[in-house]
1. Can I get the semi-axes of segment 70-139's equivalent ellipsoid? Compute them from the C-alpha gyration tensor as square roots of 5 times the eigenvalues, in angstrom, largest first.
2. Arrange the following residues from fewest to most other Cβ atoms within 10 Å of their Cβ: K7, K107.
3. Size of the dipole of the chain about the Cα centre, Lys and Arg at +1 and Asp and Glu at -1 on the beta carbon, nothing else charged, in debye to 20?
4. Give me the percent relative contact order of segment 9-135, please, defined on Cα pairs under 8 angstrom at least 6 residues apart.
5. What order do you get for R56, R38 when you list them from fewest to most C-beta neighbours inside 10 Å?
6. Rg and Dmax of the chain over Cα atoms: what are they, in angstrom?
7. As a check on your grasp of the helix formula, calculate [θ] at 222 nm for the chain: sum -39500 (n - 2.57) over DSSP H runs of n ≥ 4, divide by the residue count, round to the nearest 500.
8. Any idea how far apart L105 and D80 come out in nm if each label point goes 7 Å out from Cα toward Cβ?
Amino acid sequence: MARINWKTLLGRKAARRFKREKVIWLTTVGKGRQPQPRPVWFLFDGESFLIYSRPRARKLVHIRRAPNIALHLNSDPDGDDVVVVLGRARIDPKAPRAHELPAYLRKYRKGIASLGSTPAQFAAEYSQAIRITPSALRGF
């Protein structure tokens, strides 16, 4: 799989946005090869993306069947500042639970509380980790 050069202008811009943005759109492929986009919380560690899911979510079925995915951030109001990542997703049973990752809690503690949940409750409900290895970066 190709590696992305995060030192390019686009790579640096994307990495900054991955730290600051709270939501990324994950597009999987559903039945009949229909794209299925959905907003998700994520953590980017410089190498891969980590997303937590409920265990019965359809996106897990999609990933097991067709692991090639797309991620994208919202553009600005004029349709600029586009960041799209293509990659391969897999269920990661060895990933730490959401409440065990300080970086995840720093990013989403308020969001978890707004759901009326504690970090441990959130981690129990969103117990399936999805690891995404990026292979291409597009944007402008």
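FYI, it's all coordinate maths here, none of it is from the lab. Keep in mind that what you see is a predicted model, and the values were worked out from it rather than measured. Positions of Cβ are backbone-derived with ideal geometry, glycine not excepted, and every protein chain shown enters the neighbour counts.
1. Details: eigenvalues 142, 67, 15 Å².
Listed largest to smallest, the semi-axes of segment 70-139 are 27, 18, 9 Å.
2. Values: K7 8, K107 18.
Starting with the residue having the fewest Cβ neighbours, the order is K7, K107.
3. Value, rounded to 20: 360 debye.
4. After rounding, I find 28 percent.
5. Going from least to most buried by this count: R56, R38.
6. 14.8, 41
7. Value at 222 nm, helices only: -8500 deg cm²/dmol.
8. 4.0
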